[in-house]
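Take a look at the structure set out below.
Read-outs: derived from the displayed coordinates by stated rules, not from any lab. These numbers come from a predicted model, not from an experiment. For neighbour counting, all protein chains shown are included, and Cβ atoms are generated from backbone atoms with ideal geometry for every residue, glycine included.
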Amino acid sequence: MLWLCLLAIGSLSCDSNLEAVQSPSAPNIVLVVADDLGWGELGSYGQTKIKTPNLDRLAAEGIRFTDFYSGSPVCAPSRCVLLTGLHTGNAYIRRNDETAERGDVWNDPALEGQRPIPPETLTLAEVLKDEGYATAAIGKWGLGWPGSTGDPNFQGFDLFYGYNCQRVAHNYYPTHMWRNQEKELLDNPAFRARNKLPKDANPSDPASYAAYKGKDYAPDFMVKEAEGFMRTSASEGAPFFLYYPSPIPHLALQIPDEELEAYEGEWEEKPYVGGKGYLPHPKPRAAYAAMITRLDREVGVLMDTLDDLDLTDNTLFVFTSDNGASWIGGVDLNFFDSSGGLRGRKAQLHEGGIRVPMIARWPGHIKPNSVTPFVAGFQDLMPTISRAVAPRKPLPERLDGISLLSVLRGQEVDLIRSTPLYWEYQNRRALRRGEWKIYQSGPRQPWHLYNLKEDTSESNDVAKEHPELLRGLIAEANSTRSPSELYPLKGVDVPVEAREAEGKVR
């Protein structure tokens, strides 16, 4: 068939040249995942308003991907893809699942955490732990409440510190952080993270917003914990894996006053008084920019710590984002051009919702200041890192991703990967194969076809011009996934009862 011929041109696996190179010692892994950071919000990706000097330096010292994708357009499923190497057509978690069967999760503080991944899940942390790595997850989790099967301590992480629950992470001044399964109290008042400014409050008076601050800013504690973990691991002589899923710049807009000062007066401001989710802020543009610069500073702390420990040369440092930029809660998506000209934003399967920054640095392995258009995604990080630490060991079976080591080393022989990228989210679906992307907005809705090489804004649907190619890509979208009992696709999946009768439940 014509479509298969078009897609097969040069579709070699990226693993063909990997076996020859091996580090003299196992590389440390630092994996930083921003939260809701848009594709266009870093200086190295064209941002002009927000300062990101450390991340720009990381890009100058490593490789920057132009066509890299998150696992999902929202938090929890994206993280599930990253840690398991399975796309959202096969991953256990396929949307932000608040497990309402537990009770009123939004109003009962005792019901922290999202639906847990099951005990048999193989995570990247478990793979590295088997290779002798010290492992830590510091930041936001979202894949199972403390003590559940999805607890990070039960999924390969020696240390967890931070927000277990995504909802709690909507407030940067929480009452507590989790250290493994124990709460550590912070000096902050308890307040709801979705408050609106009272009607009698003056939006122009800074005092009106005092109630939405505390003393202990959670990111201060997390970056300190991350630095401590690296130093302790280095002193003990163990290679380490630091997974640092920062909550920044996810809403609410909260930043210490001294960090806000860097952007005060830069732009005309309209106070965000609440009402569209999350907490109010008097200077939302300055706050949002300051939060991203704060994230950049945290990356700088991690980079400086590696330098201080003389570990930079033997560390694979990866930075990316869990999905595209938000559009509510005071975020001015258009003002900052957060999607970098791409269509869409968080919670959508258009490019702006899933194409994200991806920077990797590994001195001696990655050529500085390099850029690649290779199409890759979150599902590729598990096989890539697995190969980096154990080049001669077989990869885990049935992964949806491929190793990107040859791409990192500048050895890619063409720009068409051997497996497609695929997403499904709330009955919407998308697949990318080479320069082509198909998208369906819902059950029984028509599929759209875009040539992303010529049309990054997804404004020109060419489905009618390429019917055979479209049919082939739809068939691939159907064959690359498996049904889910928790998240069945309407109009696609056979009802659970029918599959049980046929013995086909997975």
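In terms of other Cβ atoms within 10 Å, LEU143, LEU408 run from fewest to most in the order LEU408, LEU143.
Residues with beta-carbon under 14 Å from that of ILE438, excluding ILE438: net charge, scoring Lys, Arg +1 and Asp, Glu -1? Mind dumping the intermediate values first?
Working: positive: ARG428, ARG429, ARG432, ARG433, LYS437, LYS464, ARG471, ARG481; negative: GLU351, GLU424, GLU435, ASP455, GLU458, ASP461, GLU465, GLU468, GLU476.
Value of the local net charge: -1.
Our estimate of slack between ASN334 and GLN411, defined as 0.36 nm per intervening residue step minus the Cα-Cα distance, is 24.0 nm.
Under 5 Å from the amide H of GLN47 lie the amide H atoms of LEU42, each residue being 5 or more positions distant or on a separate chain, with H modelled from the backbone and absent for Pro and chain starts.
Across the stretch 93-100, coupling constants 3J(HN,Hα) worked out from phi with the 6.51/-1.76/1.60 Karplus curve, θ = phi - 60°, read 9, 10, 7, 5, 10, 8, 6, 4 Hz, and Gly and Pro carry x. Cα-based values for the stretch 136-223, radius of gyration first and Dmax second, are 15.3, 50 Å.
Over the stretch 421-502, the Kirkwood radius and the radius of gyration, each from Cα atoms, give a ratio Rg/Rh of 1.03. Computed from phi, the 3J(HN,Hα) profile of the stretch 32-38 under the Karplus parametrisation 6.51, -1.76, 1.60 (θ = phi - 60°) reads 9, 10, 6, 10, 6, 7, x Hz, with x in place of Gly and Pro.
What whole number of Å gives the distance from the Cα centroid of the stretch 69-127 to the Cα centroid of the stretch 209-251? Here the two parts' Cα centres lie 21 Å apart. For ILE248, the residues whose modelled amide H falls within less than 5 Å of its own, excluding neighbours fewer than 5 places apart on the same chain, are ASP35. If the limit is 29 Å between Cα atoms, which of LYS346/LYS437; LYS129/LYS453; LYS224/LYS270; LYS140/LYS199; LYS183/LYS346; LYS140/LYS213 go over it? Over 29 Å apart, Cα to Cα: LYS129/LYS453; LYS224/LYS270; LYS140/LYS199; LYS183/LYS346. Dipole size of the stretch 233-368 about its Cα centre, with +1 on Lys/Arg Cβ and -1 on Asp/Glu Cβ: approximately 880 debye, rounded to the nearest 20.
For the stretch 27-408, the dipole from Cβ point charges (+1 on Lys and Arg, -1 on Asp and Glu) about the Cα centre works out to 980 debye, to the nearest 20. Each Lys and Arg Cβ is given +1 and each Asp and Glu Cβ -1; about its Cα centre, the stretch 421-502 then shows a dipole of about 120 debye.
By how many nm would the segment from ASP200 to SER482 grow when fully extended, if each residue of separation counts as 0.36 nm and the alpha-carbon distance is taken off? Before the final figure, lay out each step's value.
On the way: separation 282, 0.36 × 282 = 101.52 nm, distance 5.32 nm.
Value of the extension gain: 96.2 nm.
Per the helix-only calculation at 222 nm, which mean residue ellipticity applies to the chain, given -39500 (n - 2.57) for every DSSP H run of n ≥ 4 and division by its residues, nearest 500 deg cm²/dmol?
-6500 deg cm²/dmol
Counting every other Cβ atom within 10 Å of each residue's Cβ, GLU225, GLU182, GLU41 order from fewest to most as GLU182, GLU225, GLU41.
With a sphere of radius 15 Å drawn around the Cβ of ASN188, what net charge do the other residues whose Cβ falls strictly inside it have (Lys, Arg +1; Asp, Glu -1)?
With Lys, Arg at +1 and Asp, Glu at -1, the neighbours total 0.
For the stretch 80-230, the spread of Cα coordinates along the three principal axes comes to 57, 37, 24 Å, biggest extent given first.
Whole-Hz Karplus values for the stretch 270-287 come out as 10, x, 9, 9, x, x, 10, x, 6, 7, x, 8, x, 9, x, 5, 4, 5 Hz, taken residue by residue from phi with 6.51 cos²θ - 1.76 cosθ + 1.60 and θ = phi - 60°; glycine and proline positions read x.
Tell me, what is a quarter of the convex hull surface for the C-alpha atoms of the chain, in nm² with one decimal?
Working: hull surface 94.9 nm².
Approximately 23.7 nm², given one-decimal rounding.
Which far-off residues, 5 or more places away or on another chain, put their amide H under 5 Å from the one on GLY62, with H placed in the peptide plane? The answer is ASN369, SER370.
If the chain linking ARG398 and ASP461 were pulled fully straight, counting 0.36 nm for each residue of separation and taking away their Cα-Cα distance, it would gain 19.4 nm.
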